[in-house]
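Attaching a single structure in structure tokens format; questions to follow.
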Amino acid sequence: MSHTNDAPRWQRFTRAQRLARFAVYLAMVMAVVWSVQNVRVIPEFLYDAHTQMADLLRRMWPPDMAYYPATVHGALIETLHIATLGTILAVSMAVPIGLMAANNIVPIRIVNEFAKLILVASRSVNSLVWALLFVAIFGPGALAGTIAIAFRSIGFVGKLLAEAVEEASTGPVEALRAVGAPWPALLLKGYWPQVQPAFWSIALFRWDINVRESAVLGLVGAGGIGLVLDSAMNFFQWTRVATILIAIFIVVILAEIVVTQIRKRLI
Amino acid sequence: MSAAVKSLPGPSIRARAFRPNWPMRAVWLGFALYVVYASGRLNFTWDRFVTGLDRGAVFLGRMFPPEFTRWQLMAEGLLESLQIAIIASAAGILLSLPIGLLAARNLMPAVVTVPARAIIALARSFHPIIVAIIFVKAIGFGPLAGILALTLGSIGFVAKLFAEAIEEISLKQVEAVRATGASFMGVVIMAVLPQVLARFIGFSTYQLDSNLRNSTMVGIVGGGGIGGTLFSAFQRFDYDFVAAILISIIAMIMLGEVIATWLRRTFQ
């Protein structure tokens with residue numbers, strides 16, 4: 001005990017830090033205990049969950065491959081179009097909003113904050129909710145899905161784009177300004193070459209996410225493969241459900257491979 | 001002045017400062033053509049868009065003012081969503097620890113990493129909502145389906161990043177601890193975890209945040225939480241109630257984001 005008085009005792013964290021951490025751990029445990037005690041889960045459902053899952057998987061086997069060319073393929077292509085068009089639309093809307101949010105492009109605080117508000121609003125609403133809203137507006141179909149994907153993605157693309165623009169070096173921009181270049185030239189020749197790698201990387205990343213998300217939109221009527229999945233499930237055609245799930249799985253994996261390959265080449 | 005300008009070399013021998021980038025222009029042209037082609041394939045017409053805007057105005061009009069009188073129903077749904085998110089995050093993060101460790105290629109042999117990576121890939125590639133429907137169909141309606149779906153999604157995300165973080169650690173500390181004759185668990189606890197803990201907490205809080213968002217949605221397919229209330233309000237064209245639910249969901253998500261930032265700061 002005496003050594004604590006002689007030599008300074010090494011401690012990684014201050015007392016306040018340790019107390020804060022302990023409080024967080026305690027709060028986490030309490031939150032979990034509260035949730036487990038109050039959630040309305042019927043224990044019998046939990047106990048036989050694995051047999052029910054196994055039963056469902058057995059009913060899915062073998063996947064109905066004949067169903068693929070008939071219906072699934074077209075829906076899958078539609079899903080890819082929704083994801084791609086939605087991403088293009090999102091990027092073209094996110095560029096002006098992202099530029100407005102970047103303080104070095106528009107040095108007006110209130111404009112920056114307004115643009116950031118739009119970006120946060122876009123991100124806070126889930127793509128399914130956006131899809132529900134646009135199905136109510138445009139009617140069921142791919143148009144609602146595409147616009148839902150676009151509105152959902154603006155926040156993500158715009159935020160990352162604004163950050164990339166704000167990190168751009170001022171050197172080339174000042175050089176251009178010194179020779180009297182007009183503002184479109186400043187953007188195009190000063191900022192764009194610096195932001196370009198980030199731009200493509202953000203757009204590709206979002207496209208990858210959108211391929212996953214667009215597969216779900218059909219569940220609320222916004223077109224694509226989700227629609228086919230929903231009807232197959234409603235008719236309990238489990239072998240068809242299996243085909244659809246396999247198709248989604250392969251497309252998602254392919255999209256990821258495409259994105260990684262392009263990123264490797266491009267950036 | 002004019003003499004000085006004239007003495008400059010003429011355009012014939014001056015190099016262009018910005019040469020046109022033809023491949024890039026071709027890419028942009030390709031995008032433009034694709035947009036036209038795909039819009040045609042999906043039957044997008046300007047008419048549909050314009051009629052939609054009219055309907056959108058009516059729709060927005062019916063959303064206001066938001067109706068908060070049924071707040072008890074909303075509070076019940078939000079609390080259930082919160083419980084789903086907390087349980088799914090806790091279970092998902094706890095399960096991610098062993099799975100992520102098993103998937104780290106610098107610590108484990110291929111026999112172990114390949115199946116662990118397969119589990120992660122499978123958990124990652126389906127959207128949580130699709131996983132939720134499957135669980136709803138298999139084990140019935142209610143929060144349990146939502147919890148299981150989000151747990152699986154959390155494993156896909158947290159375990160993947162955890163494995164990647166472990167693969168980037170410095171092996172010097174591992175060697176040092178191993179040299180003292182420590183057991184495998186000793187090496188993991190004393191040499192591996194301290195190097196990755198900060199990042200692990202980072203993406204765990206991110207996942208908590210993301211689970212909170214998704215837990216408000218799994219109800220749309222019957223997985224419990226506020227999503228069910230939202231979806232039925234939509235189907236009853238009860239748009240002022242929809243607006244109230246959306247506002248409360250966004251408020252809860254933003255609160256969650258604040259708490260997540262605050263948590264991350266505590267552990268920095």
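Before we move on, is A:Ser153 of a type in the set (Ser, Thr, Tyr), in the same structural domain as A:Ala255 (by TED's automatic domain parsing), surrounded by 20 or more Cβ atoms within 10 Å (Cβ to Cβ) and modelled with pLDDT under 90?
In short, no.
So is A:Arg40 closer than 28 Å to B:Leu78 by Cα and either under 30 Å from the mean Cα position of the chain (by Cα) or at pLDDT 80 or above (or both) or not?
Criteria met by A:Arg40.
Of everything in the range A:37-55 that's among the charged types (D, E, K, R) and assigned to a helix (DSSP H, G or I), which residue is most open to solvent (accessible area, probe 1.4 Å)?
A:Glu44
Matching residues to (1) crowded, with 21+ Cβ neighbours inside 10 Å; (2) more than 12 Å from every other protein chain (Cβ to nearest Cβ):
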position	(1), (2)
B:Gly140	no, no
B:Val174	no, yes
B:Ser183	no, yes
B:Val192	yes, yes
B:Ser204	yes, no
B:Gly219	yes, no
B:Ile226	yes, no
B:Phe237	no, no
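Okay, moving on. Out of all the residues in the range B:195-202, is one or more touching a residue at least 40 places away in the same chain (Cβ under 8 Å) and within 23 Å of A:Ile253 (Cβ to Cβ)?
No.
Does the range A:68-77 contain any residue that is among the β-branched types (Val, Ile, Thr) and surrounded by 20 or more Cβ atoms within 10 Å (Cβ to Cβ)?
yes
Filter the range B:231-260 down to the residues that are polar (S, T, N, Q) and in contact with a helix residue (DSSP H, G or I) (Cβ under 8 Å, 6 or more places away or on another chain) and list them by number.
B:Ser248
For residues that are at the interface with chain A (Cβ under 10 Å from one of its Cβ atoms) and not β-branched (Val, Ile, Thr), scanning just the range B:142-155, find the one that is surrounded by the fewest Cβ atoms within 10 Å (Cβ to Cβ).
That would be B:Gly142.
It is to be established whether one or more residues within the range A:199-221 are at positive phi and surrounded by 15 or more Cβ atoms within 10 Å (Cβ to Cβ).
Scanning the range A:199-221, I find at least one residue that is at positive phi and surrounded by 15 or more Cβ atoms within 10 Å (Cβ to Cβ), so the answer is yes.
Quick one: count up the residues across the range B:97-148 that are free of Cβ contacts under 8 Å to residues at least 40 places away in the same chain, part of a helix (DSSP H, G or I) and either within 22 Å of A:Val228 (Cβ to Cβ) or not assigned by TED's automatic domain parsing to the domain that holds B:Leu212 (or both).
Residues flagged as free of Cβ contacts under 8 Å to residues at least 40 places away in the same chain, part of a helix (DSSP H, G or I) and either within 22 Å of A:Val228 (Cβ to Cβ) or not assigned by TED's automatic domain parsing to the domain that holds B:Leu212 (or both) within the range B:97-148 amount to 7.
Which residues, taken from the range A:107-138, are of a type in the set (Val, Ile, Thr), open to solvent by 30 Å² or more (accessible area, probe 1.4 Å) and outside any helix (DSSP H, G or I)?
Of everything in the range A:107-138, just one residue is of a type in the set (Val, Ile, Thr), open to solvent by 30 Å² or more (accessible area, probe 1.4 Å) and outside any helix (DSSP H, G or I), namely A:Ile108.
Continuing with this model, one more query. Please verify whether the range B:188-200 includes one or more residues that are at pLDDT below 85, more than 22 Å from B:Arg124 (Cβ to Cβ) and either of a type in the set (Phe, Trp, Tyr) or assigned to a helix (DSSP H, G or I) (or both).
Scanning the range B:188-200, I find at least one residue that is at pLDDT below 85, more than 22 Å from B:Arg124 (Cβ to Cβ) and either of a type in the set (Phe, Trp, Tyr) or assigned to a helix (DSSP H, G or I) (or both), so the answer is yes.
For residues that are open to solvent by 20 Å² or more (accessible area, probe 1.4 Å) and in a helix (DSSP H, G or I), scanning just the range A:94-104, find the one that is farthest from the other protein chains (Cβ to nearest Cβ).
For the range A:94-104, the residue satisfying everything is A:Met100.
Name the residues in the range A:4-24 that are surrounded by fewer than 10 Cβ atoms within 10 Å (Cβ to Cβ) and not small (Gly, Ala, Ser), would you?
If the condition is that a residue be surrounded by fewer than 10 Cβ atoms within 10 Å (Cβ to Cβ) and not small (Gly, Ala, Ser), then A:Thr4, A:Asn5, A:Asp6, A:Pro8, A:Arg9, A:Trp10, A:Gln11, A:Arg12, A:Thr14, A:Arg15 are the ones that fit.
To continue, here is another question. Those residues that are within 19 Å of A:Pro62 (Cβ to Cβ) and either of a type outside the set (A, V, I, L, M, F, W, C) or surrounded by fewer than 24 Cβ atoms within 10 Å (Cβ to Cβ) (or both), I need them from the range A:229-244; list them, please.
A:Ala232, A:Met233, A:Phe235, A:Phe236, A:Gln237, A:Trp238, A:Thr239, A:Arg240, A:Ala242, A:Thr243
Inspect the range A:167-188 for any residue being of a type outside the set (Asp, Glu), in contact with a Lys or Arg (Cβ under 6 Å, 6 or more places away or on another chain), in a helix (DSSP H, G or I) and more than 13 Å from every other protein chain (Cβ to nearest Cβ) and give the result as yes or no.
no
Please find, among A:Val120, A:Val91, the residue that is under 19 Å from the mean Cα position of the chain (by Cα), in contact (Cβ under 8 Å) with a residue 40 or more places away in the chain and within 14 Å of chain B (Cβ to nearest Cβ).
So the residue among A:Val120, A:Val91 that is under 19 Å from the mean Cα position of the chain (by Cα), in contact (Cβ under 8 Å) with a residue 40 or more places away in the chain and within 14 Å of chain B (Cβ to nearest Cβ) is A:Val91.
Out of the range B:239-248, which residues are within 9 Å of another protein chain (Cβ to nearest Cβ) and open to solvent by 10 Å² or more (accessible area, probe 1.4 Å)?
Across the range B:239-248, the qualifying residues are B:Tyr239, B:Leu246.
Could you please give the count of residues in the range B:57-96 that are in a helix (DSSP H, G or I) and buried (at least 16 other Cβ atoms within 10 Å of the Cβ)?
Total satisfying the criteria: 22.
Identify all residues within the range A:165-190 that are open to solvent by 20 Å² or more (accessible area, probe 1.4 Å), within 18 Å of A:Ile97 (Cβ to Cβ) and in contact (Cβ under 8 Å) with a residue 12 or more places away in the chain; write none if there are none.
A:Glu166, A:Leu187
Hey, another quick one. Among the listed residues A:Arg59, A:Arg21, identify the single one that is more than 31 Å from the chain's Cα centre (by Cα), within 12 Å of chain B (Cβ to nearest Cβ) and either of a type outside the set (Gly, Ala, Ser) or under 30 Å from A:Glu213 (Cα atoms) (or both).
Of A:Arg59, A:Arg21, the one residue that is more than 31 Å from the chain's Cα centre (by Cα), within 12 Å of chain B (Cβ to nearest Cβ) and either of a type outside the set (Gly, Ala, Ser) or under 30 Å from A:Glu213 (Cα atoms) (or both) is A:Arg59.
Residues in the range B:95-128 that are farther than 26 Å from A:Val252 by Cβ and among the aliphatic types (A, V, I, L, M): how many?
2
The values are calculated or read from the model by the stated rules, or taken from the named source; none is laboratory data. Please read these numbers as outputs of a predicted model, since none were measured by experiment. Ideal geometry is used to build each Cβ from the backbone, glycine not excepted, and the neighbour counts take in all protein chains shown. Note: accessible area is taken over every heavy atom of the protein model, side chains too, but ligands, DNA and RNA are not part of it. Shrake-Rupley method; radii C 1.70, N 1.55, O 1.52, S 1.80 Å.
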